[in-house]
Amino acid sequence: MSRHSLDGEWELIGGPHLTMPEHATEFENEAAIRIPARVPGNVEDDLVEAGLLTPLEMGEGAYQTLDYEGHRWFFRKSFKAPAIDPSEQLCLVFEGIDTIAEVFLNGDSLGKTQNMLIPHSFEIGNCVRHGEENELIVRIDPVVVAGREREAEPCEFVNGFTERAAIRKAAHMYGWDILPRIVSAGLWRPVCLQTMPAVHWRQVFAQTLSIDLENRSSEVAVFWEFVVPQINLNGWKLRLSIDDNQRNRKDLKTVSIFACSGHLMLSLEDIDFWWPRGLGDPTLYSLRIELLNPQGNVAAEHVQTIGIRTLELVQTEITTEEEPGEFVFVVNGQKVFIKGTNHVPLDALHGRDNRHLDTLLSMTADLNCNMLRIWGGGVYETDTFYDRCDELGIMVWHDFMFGCALYPQTEDFLKQARKEAEVVVKRLRHHACMALWSGNNENDVAHDWFPLHSKLNPNDDRISREILPEVLRRLDPLRSYLPSSPYVSQKVFERGKKTSEIPEDHLWGPRDDFKGPFYQNSPAHFVSEIGYHGAPCLESLKQMIEPEHLWPFENDGEIDPQWRAKAIASFPDESLHDGRIRLMANQVSILFDVIPDQLEPFIQASQISQAEAMKFFIERFRMGKWRRTGILWWNIRDGWPLISDAVVDYYNRPKLAYSYIKRVQQDLCVMVDEAEDDRHKVIAVNDTLNDATIDVAIGVIGQADTLLKHTLTVPANGRTQVGEIPASPVCALYLLNWRTDTSTGHNHYLAGPRPFNLEQYTQWVPQLGLEAQPPAFVSP
């Protein structure tokens, strides 16, 4: 198989959809816009490049795109087809078309698309002109118009509106509280010509069935399917081998075959297993499967990277005092405490995604996250993304792309959902990092967001309860599946939908004091969303808000329009998210009893508030190991310049929370629990598979006295109490230091009664010994 790229410069022609023809050969009439386009890309970037829009990132710039939501676009490119063998098939492949489109080659329609989230391929052997120029045109129709043409139904719900419910594109593009409304259109992933030989592999899927850690052996099932024109396969054989990361090849078996698909069992010896971060090395192998013709020559070859491991989610439907439940991931027979984060779209404009991928995953590994949750309001990432997660030992919790909505239940929409799931599951199922499929993000609990829908049973949703499980049962039967996050099972529904009985939850609530009862008293074993606001640093704010709007954020009770745009309002007059700015200020006030009246102190106070909150959330769950089994905090990085819960802004500048999280996500960590009877328990947690002997010393910043000094052994994959220290009657910062034979660790605890003194705290930050000072705390 070979690929011939059609990426690069195209021509873009567009205008209001009512003025533009449907057929590509008719559009030589006067068009409103005719500019160069870059593929992969989005029309908005092309419009900015052509000078028709100002940069969208600044101020209210994203609102400019509202004027183009009703446009029809034509992408045009001429190309010469590569020479191919008569036995080969030539296909035109679009990795991503956004969204409702028709593809024309030399004036003939190849077909239509209606799903942004999956690739589309067209066989073009009968209409391509070899040896001469071919004209390729893609017409993209406005999804907003398509959404309005469809008759809505009262049992559909998407944040109060239903236009996007039946459109299969990234949900955030219609506007979200973490990304702007930029509905967009474009060829957002690569386009290529792909030749397919007459003999080729259709699919190969290796699954680890069992492992023996002590004897370093494993049983692996390989499912295979190939295409060959011959009917009689007498003399054809399969040859399998495996290469380790040192390129040492081991032949496994050669077998005769008499059909084009089947199963093989492999018994592997001397295996190094794939482990998530902290538990061991994420060892990978290259499984090579070759199809040999009767002459003994290789007719087709497929190489697949695999990790040998078992991975499952052990869960119960409910958890109560009378009936304690669980929600825990188990890898290679070992329970794993999850320290991870939520991954939102890399960019609001997905043609830019690849620019950010390496940075995002490097930061994830730097923070010692062992899991990423891919949130269900975005896109399925590129193969490179999952390859890197395999290599880094980062497990992936993967939502299907359904979020915060009650989706159509029509046969046509269910057919689309099934097709999408089949394509995605077959593409990603071989990755060692793939830990869990989740049917959607918050669709179950969304039933309670509007009175009409609160009467409905989430378990009647055919997508998450019927379509997706059926696809997984056929195509990825060993992977764990969670119908929704959080999951309202039939048992939970019958018991009154008590969120206090759900083992896995999203903890948002009042967004008040991070040490308040809502956060402290949650009975959840596992939290997959939890966050706290923090302002970006001054440099980043200056890149997203014009000077005259930088400060204050509110005048006479009105939120500044550019702060509102970054809050993040989908429309200029929308005030729905004004409270997010005031919420951030209120969180500062709770901690310090003051809201600074100057921008830079406000930024510092906000980042301190966020950092202490995120640190507290993670420590709360880690100190509760194994009653608590994991936390996926929200979130690591913004996909747009905005003000949010992310710990790294769009410009990749970390907030103070980044440094705090890095410390409290060390595999071996010492932490201070909240005081009871004027005493704090000191807890040590070890997330490795080896016992750890540590020397612990705790002091107070600015004082020479030592509160506690102790040597102890922390059991493998366990927790233990180090000792106790007195509660402080005044505001103080406890410094925690520990040492093993091979490493040192540091942490702190903010002690004493509130409110704290902001000026004093900002003086403490440089004394914490952080690896790098966040931009907001670096003196100019």
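Please state, to two decimals, what the Cα-based radius of gyration of the range 28-119 comes to when divided by 2.2 N^0.38 Å (N = residues). Present the calculation step by step, with values, prior to reporting the outcome.
Numbers: Rg = 16.4 Å, N = 92, 2.2 N^0.38 = 12.3 Å.
With N residues counted in the range 28-119, Rg over 2.2 N^0.38 Å equals 1.34.
First obtain the Kirkwood hydrodynamic radius of the range 200-306 from its Cα pairs, then insert it into the Stokes-Einstein equation at 25 °C and 0.890 mPa s, and state the resulting D in µm² per second as a whole number.
D, rounded to a whole number, is 166 µm²/s.
Going by average Cβ neighbours within 10 Å, how do the peptides 602-608, 284-290 rank, with the highest at the top? Intermediate values should be presented prior to the final figure.
On the way: 602-608: 25.0, 284-290: 19.4.
Top to bottom by mean Cβ count within 10 Å: 602-608, 284-290.
So what's the gap between the Cα centers of the range 727-766 and the range 472-550, to the nearest angstrom?
28
How high is the FRET efficiency between N690 and H302 when r is their beta carbon distance and R₀ equals 30 Å, given to the nearest 0.05?
Details: r = 38 Å, r/R0 = 1.26.
Computed FRET efficiency for N690 and H302: 0.20.
Consider a paramagnetic label point 7 Å from the Cα of R418 along Cα→Cβ; state which residues of the range 454-495 have an amide N under 11 Å from it.
What the label zone holds, given the 11 Å backbone N cut-off, is 467-468, 470-471.
Size of the chain along its principal axes in angstrom, Cα-based, largest extent first?
84, 69, 55
What is the calculated FRET efficiency for K80 to R249, with r their C-beta to C-beta distance and R₀ = 35 Å, to the nearest 0.05? Before the final figure, lay out each step's value.
Values: r = 39 Å, r/R0 = 1.12.
For R0 = 35 Å, the calculated efficiency reads 0.35.
For the range 543-670, what are Rg and Dmax over the alpha carbons, in angstrom?
16.2, 51
For a Förster distance of 30 Å, can you work out the FRET efficiency between the beta-carbons of H746 and E600, rounded to the nearest 0.05? Mind showing how you got there, number by number?
Details: r = 27 Å, r/R0 = 0.89.
For H746 and E600, the calculated efficiency is 0.65.
In nm, to one decimal, how far is the D270 label point from the D593 one, both placed 7 Å along Cα→Cβ?
6.9
What is the projected area of the convex hull of the Cα atoms of the range 108-161, averaged over all directions, in nm²?
5.8
In nanometres, what is the gap between the two model label sites at S217 and E22, each 7 Å from Cα along Cα-to-Cβ?
Using points 7 Å along Cα→Cβ, the separation is 6.5 nm.
So the label point goes 7 Å from the Cα of T711 along Cα→C-beta, right? Which residues of the range 730-763 then have their backbone N under 17 Å from it?
737-745
Greater than 30 Å separation of Cα atoms is the criterion. Which listed pairs, K426/K455; K112/K426; K335/K426; K566/K625; K335/K615; K415/K566, meet it? All intermediate terms of the calculation are to be shown ahead of the outcome.
On the way: K426/K455 36 Å; K112/K426 22 Å; K335/K426 27 Å; K566/K625 37 Å; K335/K615 23 Å; K415/K566 37 Å.
Beyond 30 Å: K426/K455; K566/K625; K415/K566.
Peptides 612-621, 297-306: what's the order by average Cβ count within 10 Å, highest mean first?
Values: 612-621: 23.6, 297-306: 15.5.
Ranking, from highest mean packing down: 612-621, 297-306.
With +1 on each Lys and Arg Cβ and -1 on each Asp and Glu Cβ, and nothing else charged, work out how big the dipole of the chain is about its Cα centre, in Debye to the nearest 20.
On the way: 74 positive and 112 negative charges, 377 e Å.
The calculated dipole for the chain is roughly 1820 debye.
Among S522, M584, Q543, whose Cα lies farthest out toward the positive end of the dipole of the range 522-640, if unit charges sit on the beta carbon of Lys, Arg (+1) and Asp, Glu (-1)?
Working it through, the farthest residue towards the positive pole turns out to be S522.
Subtract the Cα-Cα distance of E771 and A704 from 0.36 nm times their separation in residues, and report this length gain in nm to one decimal.
Working it through step by step, the gained length comes to 21.8 nm.
Note down the nm distance, to one decimal, between modelled labels 7 Å out along Cα→Cβ at I35 and at V730.
6.2
Output the peptides 229-238, 107-116, 662-671 sorted from most to least packed, where packing is the average of other Cβ atoms within 10 Å over each peptide's residues.
So the peptides 229-238, 107-116, 662-671, ranked by packing, come out 662-671, 107-116, 229-238.
In debye, nearest 20: dipole of the range 200-306 around its Cα centre with unit charges on the Cβ of K, R (+) and D, E (-)?
Details: 10 positive and 13 negative charges, 80 e Å.
Dipole of the range 200-306, to the nearest 20 debye: 380 debye.
Amide H to amide H under 5 Å from N635: which residues, 5+ apart in sequence or cross-chain, H placed 1.01 Å off N in plane?
Placed amide hydrogens put A646, V647 under 5 Å from N635.
Ignoring everything except DSSP H segments at least 4 long, calculate the 222 nm mean residue ellipticity for the chain; use -39,500 (n - 2.57) per segment, divide by total residues, nearest 500. Don't skip to the answer; put the middle values down first.
Numbers: 15 runs with 141 residues, N = 780.
Result for the chain: -5000 deg cm²/dmol, rounded to the nearest 500.
Laboratory data are not the source of any read-out in this text; all were calculated from the coordinates shown. All figures in this text were calculated on a predicted structure; none of them were measured in a lab. All Cβ positions, glycine included, derive from the backbone under ideal geometry; neighbour counts span all protein chains shown.
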